[in-house]
Amino acid sequence: MTELETKTASEQTRARLLDAAREVFSQHGFQGATVREICRRADANGAAVNYHFGSKEGLLTEALNFSQLAALQKDNVKSAECPKERLRLFLHDFMLMLLDEKNASSQCRIMARELADPTPALDQIVSEAVAPLHKFLGKLLREIVGDQVCETELRRCVYSILGQCQFYRHSHPVLQRLHPKLRYDHKEIDAIAEHIADFSLAGIKHLAKKSA
């Protein structure tokens, strides 16, 4: 085998490990995920994680690439839509990333799981994903309400909106037991995003009037 072929095979193994790790971390969390299961899904040797990433922690660091989430925010800022419509667009795209049963972002699912059950990975997730997301949403809400709402109330609005989004991710097993026919297909995700947008915009409007 040539050096190029060896490098290509090594890169392929590395890519498979990252894909498998994102799925296992999103399903079981950092603590519940095992190197053995990740290697099994990646069809890789049991020592492959240490060889490519140094440790399970190193693998998690590489797996947590939030470029898709960052791109979503960047594209939203560039949108020509008004701030209220941009909020609706953001919620639609974000809920697809969280809930789409076929194409959900594993990084966003890892983030949602860590927020519910923190591990040492949380510091990295907060700095790379959560803090930028809160900053983006805070600026967007400020565009909607102007200076009618103080920073503290604005921050709580950010918390409320993201809390609604996370509820549908965390509570899915409960909701399916309450409503066995519930499926997060695109029609349902669209309806959820629209509900969160309507509910949030109504609440923001009320706060703005209250503070005027």
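Every number in this text was worked out from the coordinates using simple rules, so none of it is lab data. Everything quoted here is computed from the prediction, not taken from an experiment. Note that each Cβ is placed from the backbone with ideal geometry, even for glycine, and that neighbours are counted across all protein chains shown.
See the values below:
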{"quantity": "Max mean-square fluctuation residue, GNM over the chain, Cα-Cα springs under 10 Å, options Arg22, Arg177, Arg155", "calculated": "Arg177"}
{"quantity": "Size descriptor, Kirkwood hydrodynamic radius, that averages inverse alpha-carbon separations across the chain, Å", "calculated": "18.9"}
{"quantity": "Computed [θ] at 222 nm, deg cm²/dmol, the chain (DSSP H ≥ 4; -39,500 (n - 2.57); rounded to nearest 500)", "calculated": "-25000 deg cm²/dmol"}
{"quantity": "For the chain, the longest site-free run once GluC sites (Glu not before Pro) in DSSP loop states with at most 12 other Cβ atoms within 10 Å are removed", "calculated": "102-212"}
{"quantity": "Cα→Cβ-extended label distance, 7 Å offset, between Tyr51 and Ala71, nm", "calculated": "3.0"}
{"quantity": "Environment charge of Ile125, counting only residues whose C-beta is closer than 11 Å and scoring Lys/Arg +1, Asp/Glu -1", "calculated": "-2"}
{"quantity": "Gaussian network model of the chain, springs between alpha carbon atoms under 10 Å - residue of Pro132, Pro83, Pro173 with greatest fluctuation", "calculated": "Pro173"}
{"quantity": "Hits among lysines - C-alpha to C-alpha of Lys56 under 28 Å, sequence gap 8 or more where chains match", "calculated": "Lys7, Lys102"}
{"quantity": "Zero-based 10 Å bins, Cα pair distances in the stretch 3-63, whole percents", "calculated": "25, 58, 15, 2"}
{"quantity": "Among 42-53, 67-78, the order from most to least packed when residues are scored by Cβ within 10 Å on average", "calculated": "42-53, 67-78"}
{"quantity": "Cross-link table Lys187/Lys210; Lys84/Lys187; Lys135/Lys210; Lys139/Lys209, entries beyond 26 Å C-alpha to C-alpha", "calculated": "Lys187/Lys210"}
{"quantity": "Cα gyration tensor shape of the stretch 107-190, rounded if a/c is under 1.5, else prolate or oblate by comparing a/b with b/c", "calculated": "oblate"}
{"quantity": "Charge context of Gly32, other residues only, Cβ under 11 angstrom, K/R +1, D/E -1", "calculated": "-1"}
{"quantity": "Cα centroid of the stretch 170-190 to Cα centroid of the stretch 21-48, whole Å", "calculated": "27"}
{"quantity": "Likely footprinting exposure, Leu87, Leu154, fewest C-beta neighbours within 10 Å first", "calculated": "Leu154, Leu87"}
